[in-house]
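The values are calculated or read from the model by the stated rules, or taken from the named source; none is laboratory data. Note that the structure is a prediction, hence the values are computed from the model and not measured. Cβ placement follows ideal geometry from the backbone for every residue including glycine, while neighbour counts extend to all protein chains displayed.
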Amino acid sequence: MITAVIAAMSIRLWEGDAPYALGKGENDIPTLTAFLPEKPSKTAIVVCPGGAYWVLADHEGTDYAQYLAQHGVAAYVLRYRLGQFKYRHPAMLADAQRAIRKVRSMGYQTVGIMGSSAGGHLAGTASVHSALEAYPAADDIDKLSRRPDFGILCYAVTALDKPYGHEFSGKQLLGENPDHKLVDLMNLPKQVTKDTPPCFLWHTQEDDAVPPQNSELFAAAMRKAGVECEYHVFAKGKHGIGLTDKAPYKNAHPWAASLIFWLQQHGWASK
């Protein structure tokens with residue numbers, strides 16, 4: 001059932017300065033913007049827009065969140081810190097982990113994380129590295145679990161080096177000439193374990209910016225670890241296509257309906 005969407009004001013992740021803050025401007029303050037279904041939702045999804053860790057693509061943030069809210073799922077768009085403003089790992093992961101905890105503190109039973117392209121890398125990092133504490137605890141919110149209950153990776157970057165990785169995203173996340181151990185840590189298929197949450201992935205064969213092997217290798221690692229993974233590959237479509245439609249999303253790309261069906265199967269979205 002399609003329900004009305006209510007957009008809330010931005011919510012700061014931390015009351016004071018964020019960990020690793022380089023200033024006090026807008027670009028130094030990570031936030032969440034809520035898109036809520038008309039009826040209360042037991043599930044919420046943190047949405048990480050793509051943009052190569054350089055910008056944040058609104059069509060992979062606001063549009064996704066509105067679509068999810070229309071289908072009864074609360075969505076919170078994360079404005080995380082970026083390489084353009086001199087931020088590097090672990091600042092981005094700190095923002096994602098805090099966002100999961102912040103949303104969980106609002107009383108949701110289930111909290112997932114979703115992202116496209118580099119935002120998919122961030123969502124994937126939060127999924128495979130839930131054992132890694134990216135920032136020091138600040139308050140009671142940080143006593144809550146930082147592990148997402150599920151991940152949604154849309155044409156995600158999962159590697160940062162050759163032959164399939166997106167090297168520009170890697171430079172924005174890790175800087176120039178990072179230690180090879182750090183690059184391996186951010187090579188997500190290598191980091192999948194039995195503790196990685198279930199994931200939904202999709203990609204297109206025509207993607208020549210982030211090759212589909214990024215999703216294929218991640219899905220293969222999930223299967224090897226014995227973790228549930230649903231992976232869709234579409235023959236046509238360039239990188240960054242998103243929903244391929246604007247509100248009210250009556251002609252959204254088929255991956256979106258498949259995602260809602262997957263969420264419904266698990267009881268994370270109303271039927």
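Scanning region 72-82 for residues that are on the phi < 0 side of the Ramachandran plot and not aromatic (Phe, Trp, Tyr) yields VAL73, ALA74, ALA75, VAL77, LEU78, ARG79, ARG81, LEU82.
Taking TYR80 as the residue in question, decide whether it is in contact (Cβ under 8 Å) with a residue 40 or more places away in the chain and in contact with a Pro (Cβ under 6 Å, 6 or more places away or on another chain). For TYR80, the condition - in contact (Cβ under 8 Å) with a residue 40 or more places away in the chain and in contact with a Pro (Cβ under 6 Å, 6 or more places away or on another chain) - is met. Set side by side, the residues ALA91, ALA69, ALA57, ALA96 differ, and just one is of a type in the set (A, V, I, L, M) and either without any contact (Cβ under 8 Å) to a residue 60 or more places away in the chain or at positive phi (or both), which is ALA96.
Residues of region 112-146 that are in contact with a strand residue (DSSP E or B) (Cβ under 9 Å, 6 or more places away or on another chain), within 19 Å of CYS229 (Cβ to Cβ) and not polar (S, T, N, Q): GLY112, ILE113, MET114, GLY115, GLY119, GLY120, HIS121, LEU122, ALA123, GLY124, ALA126, VAL128.
Here ILE45 meets each of (1) modelled with pLDDT of 95 or more; (2) in a loop (DSSP other than H, G, I, E, B); (3) not hydroxyl-bearing (Ser, Thr, Tyr) with one exception, condition (2). Among residues of region 60-101 being of a type in the set (Lys, Arg) and surrounded by fewer than 24 Cβ atoms within 10 Å (Cβ to Cβ), the one that is farthest from GLY240 (Cα to Cα) is ARG101.
For region 86-105, state whether one or more residues are modelled with pLDDT of 95 or more, in a strand (DSSP E or B), of a type outside the set (A, V, I, L, M) and under 16 Å from GLY50 (Cβ atoms). No, there is no match, as no residue in region 86-105 is modelled with pLDDT of 95 or more, in a strand (DSSP E or B), of a type outside the set (A, V, I, L, M) and under 16 Å from GLY50 (Cβ atoms). Taken over region 141-169, the criterion of being over 16 Å from the mean Cα position of the chain (by Cα), under 17 Å from ALA123 (Cβ atoms) and assigned to a helix (DSSP H, G or I) is satisfied by no residue. Hey, can you tell me all the residues within region 228-238 that are within 20 Å of the chain's Cα centre (by Cα) and surrounded by fewer than 18 Cβ atoms within 10 Å (Cβ to Cβ)? GLU228, GLU230, HIS232, VAL233, LYS238, listed by residue number.
Screening ASP184, ASP207, ASP245 for residues that are crowded, with 21+ Cβ neighbours inside 10 Å and acidic (Asp, Glu) leaves exactly one candidate, ASP207.
Take the conditions (1) under 21 Å from LEU217 (Cα atoms); (2) touching a helix residue (DSSP H, G or I) at 6+ places or on another chain (Cβ under 9 Å); (3) among the basic types (Lys, Arg); LYS162 misses just one of them, which is (2). From the list ALA269, ALA257, the one residue that fits, being surrounded by 17 or more Cβ atoms within 10 Å (Cβ to Cβ), among the small types (Gly, Ala, Ser) and more than 26 Å from GLU167 (Cα to Cα), is ALA269. How many residues does region 1-56 hold that are surrounded by fewer than 13 Cβ atoms within 10 Å (Cβ to Cβ) and in contact with a Phe, Trp or Tyr (Cβ under 9 Å, 6 or more places away or on another chain)? Total satisfying the criteria: 4.
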